[in-house]
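Everything below concerns the one structure shown next.
The values are calculated or read from the model by the stated rules, or taken from the named source; none is laboratory data. All values derive from a computational prediction rather than experimental measurement. No Cβ is skipped: glycine too gets one built from the backbone with ideal geometry, and neighbour counts run over all protein chains shown. The protein model used for the area step is the full one, side chains on, heavy atoms only, and it has no ligands, DNA or RNA in it. Shrake-Rupley method; radii C 1.70, N 1.55, O 1.52, S 1.80 Å.
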Amino acid sequence: MSSTPSDALIRISDVKHAYRTDAGPLPVLDGFSVEVPEGAFTAVVGPSGCGKSTLTRLIAGLLFPDEGDVILHGEKVTSPRNTVGMAFQNPVLLEWRTILDNVCLPLEIVPNDLSRKQRNDRGYELLAMVGLQGFEDKKPSELSGGMRQRASLCRALAHRPDVLILDEPFGALDAFTREDLWQIMHELRHNEAFTCLLITHDLRESVFLADQVVVMSGRPAKTQYVLDVPFGRERVLDDLYTPEATQMLLDLRHQIQVAQGRPLEELEHEPGDPEPGAGEPGS
Amino acid sequence: MSSKQRFATPIIALVIFALLWEFLVWINDWPNYVMASPSDLGPAFYKFRWLFLEFGWDTLWRTVAGLMLAIAFGVVVGMIMGFSRTMREALYPLLVGFNAIPKATVVPVVALLLVGQHNLNTVLLAFMISFFPITVSISIGLSTLEPEYRDILLSLGASRLTIFRKIALPKTLPEFFGALKVAVTLAFIGTNLMEIVEPHGRGLGHLFDSGKISADYPLMFAVLIALAVMGIGLYYVVVILEKIFAGWAERQES
Ligand SMILES: Nc1ncnc2c1ncn2[C@@H]1O[C@H](COP(=O)(O)OP(=O)(O)OP(=O)(O)O)[C@@H](O)[C@H]1O
Ligand SMILES: [Mg+2]
């Protein structure tokens, strides 16, 4: 939280949000803050059900905080803004459209003066970036889970959003496919200019992809811990097996356990755990 | 399966069915008034060919009109129920209750309510008996739309109408056509119920009724076959429309 207001593209300060349910208000966020500088990549981890998806809906302008501010580009978010791109665990591609038409969907909705051909070119360009050239005319049902998720990422970026919100996009994929997609994320970041907020359950993913990892406490969530990842932009998977990375993963793991409200004694047995992030992939 | 085969299979099945039927009547030595045989049907059709054409047309257009009404009503009410939970909770019991009423008991009510409006009465009954599956399919299709679909479009600033047009409607089409296939057969039942129970001198139902009165059993059977043929015809019209508009949902079959 050291950045000054001017250089943070996403600024969430002291946000409170409660859902109104039949059983009365359900406080989900209570005093959560995060700042993401322009072009930065922030990962948010936290126990299941602590309000991570709620946070993404606040940033997308689909939901508004009871208290506190959600600010993008120094402006308070009061409605959905089409400078945001979203992707979820479920790729939600439209089965009746080709992959290319799925990717170009945002360009049909966000006002722009691109011709049909220019839109398609944008689709081709993105699909090539994620290694899906040749699949433009296929239907989503003809693709594997990992390919569908790549197409979903392309759709999220089609209209050149400045904010990319990813809600556990790799959660349902197997470990190897997931690692492929991490690499693709790095390539996309290299080619496209966006500020990213990634929700994940995978600590290794957060350390491999992000510049900053935020741990949310249990519901109602506040910011519990912020870890700065000192790696540069160029990363390889081997980086995850350095002592430095192991220490970060361990740190995060402890923080998650605190967030889950587990007794700290348990921690004594954990340091030997070879795969600290493998606790809860997806949900 | 080649397209020739796909065409031939049902026809062969039909011929086998007719042969079995003929054989059954012959071996049991059933007289006409117990069970007419397929070979009696030809002459019956020929004798009343103009009536079959005229009354068949009556029954067909009334059924289709009833179906159109059912589609219009079902889509609008299904949309209302699909998008609003309150409306869904309010309307479901009403719809189910109405659907549970045996339609034969509705015939006299409708006939009295709109005395002499035979066409309208018949169309109304076809409508009443067939709107339920359409309404339910649309409302379920819309209410089970995964929230992520909505969120993606909403976050881009799309209007509700855009969401309906781009996602909800196409996504609901397979269920809609499934329901329409059921509705087609139901609508024929509705039309004929009105034509038979409240005979007014038109439609295949009336032809059936006059066959009964004049003890012309082959004619009665011929009417049943004609209805079956029309039912099959309309059903396949729906199948073709489904292929055109919701063909993408069919891949699991192959
Ligand atoms: N529309 C809603 N109405 C009422 N309660 C809701 C609503 N959406 C979410 N909740 C509740 O709010 C809490 C936080 O939900 P949210 O989806 O933000 O959690 P999450 O951290 O994304 O969970 P997960 O890790 O399982 O994805 C949960 O307890 C959930 O049951
Ligand atoms: Mg979630």
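Number of residues in the range A:104-139 that are without any contact (Cβ under 8 Å) to a residue 40 or more places away in the chain, part of a loop (DSSP other than H, G, I, E, B) and within 28 Å of A:Trp182 (Cβ to Cβ): the value is 6.
Within the range B:130-159, the set of residues being facing another protein chain (nearest Cβ under 9 Å) and either within 27 Å of the chain's Cα centre (by Cα) or hydrophobic (A, V, I, L, M, F, W, C) (or both) comprises B:Ile152, B:Leu153, B:Leu154, B:Leu156, B:Ala158.
If you take the residues of the range A:80-127 that are out of contact with any strand residue (DSSP E or B) (no Cβ under 8 Å at 6 or more places or on another chain) and aromatic (Phe, Trp, Tyr), which of them is nearest to the other protein chains (Cβ to nearest Cβ)?
A:Trp96
Going through (1) more than 22 Å from B:Ile232 (Cα to Cα); (2) buried (at least 18 other Cβ atoms within 10 Å of the Cβ) one by one, B:Ser214 falls short only on (2). Would you check if there is a residue in the range A:214-225 being out of contact with any Asp or Glu (no Cβ under 6 Å at 6 or more places or on another chain), of a type in the set (A, V, I, L, M) and away from ligand 2 (no atom under 16 Å from the Cβ)? No; the residues of the range A:214-225 include none that is out of contact with any Asp or Glu (no Cβ under 6 Å at 6 or more places or on another chain), of a type in the set (A, V, I, L, M) and away from ligand 2 (no atom under 16 Å from the Cβ).
Scanning the range A:22-58 for residues that are within 9 Å of ligand 1 (Cβ to nearest atom) and either closer than 16 Å to A:Lys76 by Cα or of a type in the set (Lys, Arg) (or both) gives A:Lys52, A:Leu55, A:Thr56, A:Arg57. Restricted to the range A:1-21, and to residues that are surrounded by fewer than 15 Cβ atoms within 10 Å (Cβ to Cβ) and within 10 Å of ligand 1 (Cβ to nearest atom), which residue is modelled with the lowest pLDDT? The selected residue is A:Thr21. Can you confirm whether A:Val214 is within 16 Å of ligand 1 (Cβ to nearest atom) and under 18 Å from the mean Cα position of the chain (by Cα)? Yes; evaluated as a whole, the condition is true for this residue.
Being polar (S, T, N, Q) and more than 9 Å from chain A (Cβ to nearest Cβ) is the filter here; which residues of the range B:160-185 pass it?
B:Thr172, B:Thr185
Take B:Leu125 and tell me if it is over 18 Å from the mean Cα position of the chain (by Cα) and not β-branched (Val, Ile, Thr).
no
Looking only at the range A:161-176, which residues are in contact with a Phe, Trp or Tyr (Cβ under 8 Å, 6 or more places away or on another chain) and more than 16 Å from ligand 2 (Cβ to nearest atom)? Scanning the range A:161-176 gives A:Pro161, A:Asp162, A:Val163, A:Leu164. Checked against (1) touching a His at 6+ places or on another chain (Cβ under 7 Å); (2) in a strand (DSSP E or B), A:Arg235 meets all criteria but (2). The single condition among (1) open to solvent by 20 Å² or more (accessible area, probe 1.4 Å); (2) within 14 Å of chain B (Cβ to nearest Cβ); (3) of a type outside the set (Phe, Trp, Tyr); (4) farther than 22 Å from B:Pro147 by Cβ that A:Asp30 does not satisfy is (2). Among the residues of the range A:50-63, is any closer than 13 Å to A:Val214 by Cβ and of a type in the set (D, E, K, R)? Within the range A:50-63, one or more residues are closer than 13 Å to A:Val214 by Cβ and of a type in the set (D, E, K, R).
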